[in-house]
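The values are calculated or read from the model by the stated rules, or taken from the named source; none is laboratory data. Computed from a prediction, not measured in an experiment: that's the story for all the values here. Here the Cβ is made from the backbone with ideal geometry for all residues, glycine too, and neighbour counts use every protein chain on show. These accessible areas exclude ligands, DNA and RNA; they are computed on the full protein's heavy atoms, side chains included. Shrake-Rupley method; radii C 1.70, N 1.55, O 1.52, S 1.80 Å.
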Amino acid sequence: METRTVKSVTGLRGEITVPGDKSISHRSIMLGSLARGTTVVRGFLHGEDNHSTLNAFRAMGVEVTEGEAGELRIAGLGLHGLKEPADVLDCGNSGTTIRLMTGLLAGQNFFSVLTGDRYLRKRPMKRVLNPLASMGARIWGRGGGDLAPLAIQGGSLRGTSYDSPIASAQVKSALLLAGLYAESETTVREPHLSRDHSERMLRYFGVDVRPFPGGVTLLPGQPLEGREVLVPGDISSAAFFLVAALITPGSELLIRNVGVNPTRSGIIDILQAMGGSIELLDPRELSGEPVADLLVRSSDLMGIEIGGEVVPRAIDEFPVVSVAAACARGVTTIRDARELRVKETDRIAAMTTELGKLGAQIVAREDGMEITGGSLLTGARVSSQGDHRIAMSMAVAGLVAKGGVTIEDTGCTATSFPTFWELLATAGN
Ligand code: S3P
């Protein structure tokens, strides 16, 4: 098992670029495979999660090659061109792969089985299976139909109008992908807007997708056309460097080419509300997604209350938000974030335990955490608990902990950010 030690640094300086957005990379493979003609993807994230998606589509007959400049070329098979896979499709650690593909496979004319690693096989699947069943999908799973492996007998689907009880892009996207194959339109409403990369990319590929306040409607029966997709840097990866630069004195760091889609940029709003100095420079658009360069400087942070609509817009960032909160003056309260309990790990329990080992005052609540910041963090041996974002958050804490932090089980960072450790070493020197 890989172990890393992170020691305190005097500041993060210079310019960095973080790898491509994980969510957009997944969708580029999926939609590129279903399109007519070639899709070229530049800036694709070569992380383990995205390779799970890539391997699954290759197993269904899609040819994907890598060009000289590192771009991916996907030879799209059209909406009805995928072939029955000869074996079980392994989604690894990737919730996005398994949930979105469940929707997509429900509309195919063949049988397929999806599984994943020991973490993914514990995560709830009924959230997609139930609404898909209302479209006529036939899907079976362990645990009364809530757990992978999932067996899918694809077939004809009808449209649906679904009020999701949770703000989840994975649920919404699974239904929209199934909706491509339905006989009538599909509408999904959610309590707060979750990331809208699927809607944007479907529209970019030529599908009639109509967002409205509180939801989105997709009209079926339209072909997707192959496109060039430019993937921006992942704001969820940039988040570790935003917090790292804010909490280490003497930092001034420019993070270039970061996706700042408003459904993902909750971390910027949260850190700015805590008093963090983050500037968005040169705002622009890439393949239908907003992008900017982020300039971040060390700041004195203060505790705030976090809850409501910002939560889905920052859902993957709460492990590192808890590190920022431990370094802030006063109390930070995180509410309405029960979803953290069903991520790659229970992230409320994981951060409470691991950050607690450094002396942080952090109390778990059913739907969030209460963190009293300001006391000096002290070095300790901690565990990632097998979760990439816990590993990287604890590394950020290590930058300010007295005596350094040793993190066990750090190989999982390859899931979303294979170059994290090199980049941290570069920026910290
Ligand atoms: C993702 C959606 C989010 C997020 C995950 C990626 C996506 O999950 O946590 O890392 O790409 O659609 P939920 O939609 O379940 O909140």
For this session: Provide the per-residue ³J(HN,Hα) series for region 303-319, in order, calculated from phi with Karplus coefficients 6.51, -1.76, 1.60 and θ = phi - 60°, each as a whole number of Hz, with x at glycine and proline positions.
Result: x, 9, 9, 10, x, x, 5, 6, 4, x, 6, 9, 4, 8, 9, 5, x
Exercise. Could you give the angle, 0 to 90 degrees to the nearest 10, between helix 169-179's Cα long axis and the longest principal axis of the Cα atoms of the chain?
Worked result: 10
Exercise. Could you work out the helix-only [θ] at 222 nm for the chain, with each DSSP H run of four or more residues adding -39,500 (n - 2.57) and the total divided by the number of residues, to the nearest 500 deg cm²/dmol?
Worked result: -8500 deg cm²/dmol
Problem set entry | Set of lysines with alpha-carbon distance to Lys22 below 19 Å, sequence-local pairs under 8 removed | Lys172, Lys343
Seminar exercise, completed: Computed over the chain, the relative contact order (Cα-Cα under 8 Å, seq sep at least six) in percent reads 19
Problem set entry | Relative contact order (%) - criterion: Cα under 8 Å, at least six apart; region: region 22-230 | 21
For this session: Taking H placed 1.01 Å from N in the peptide plane, check which residues at least 5 places from Asn93 or on another chain put their amide H under 5 Å from its amide H.
Result: Asp117
For this session: Tell me which residues come under 5 Å, amide H to amide H, from Leu79 once H is placed; ignore anything under 5 positions away on its chain.
Result: Leu224
For this session: Give, in nm to one decimal, the length gained when the segment between Glu84 and Glu252 is fully stretched (0.36 nm per residue of separation minus the Cα-Cα distance).
Result: 55.3 nm
Exercise. Taking the alpha-carbon centroid of each part, what is the distance from region 168-229 to region 316-352 in angstrom?
Worked result: 30
Problem set entry | Per residue solvent-accessible surface (Å²) - the chain, probe of 1.4 Å | 36
Exercise. Hey, what do the phi angles of region 33-49 turn into as Karplus ³J(HN,Hα) couplings, whole Hz, using 6.51/-1.76/1.60 and θ = phi - 60°, x for Gly and Pro?
Worked result: 5, 8, 7, 8, x, 8, 10, 10, 10, 10, x, 4, 7, 8, x, 4, 4
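So if each residue of separation counts as 0.36 nm, and I subtract the Cα-Cα distance between His192 and Trp140, what length gain in nm does that give? Don't skip to the end; give the middle numbers.
On the way: separation 52, 0.36 × 52 = 18.72 nm, distance 2.91 nm.
Here the answer is 15.8 nm.
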Problem set entry | Förster radius 25 Å - calculated FRET efficiency between Gln222 and Glu71, Cβ distance, rounded to 0.05 | 0.45
For this session: Measure off, as a whole percent, the carbon and sulfur share of the 1.4 Å-probe accessible area of the chain, all protein chains present.
Result: 49
For this session: Using θ = phi - 60° and the Karplus relation 6.51 cos²θ - 1.76 cosθ + 1.60, list the HN-Hα couplings for region 353-362 in order, rounded to whole Hz, with x at every Gly or Pro.
Result: 5, 6, 5, x, 5, 8, x, 5, 8, 9
Seminar exercise, completed: Probe 1.4 Å, all chains present, heavy atoms only: Phe212 accessible area in Å², nearest 10, is 70
For this session: With a point put 7 Å past each Cα toward its Cβ, work out how far Arg335 is from Glu15 in nm, to one decimal.
Result: 4.3
Exercise. So how much accessible area does Asp87 have, in Å² to the nearest 10, using a 1.4 Å probe?
Worked result: 110
Exercise. Given H placed on each backbone N at 1.01 Å, which residues far from Ser161 in sequence or on other chains put an amide H within less than 5 Å of it?
Worked result: Thr187
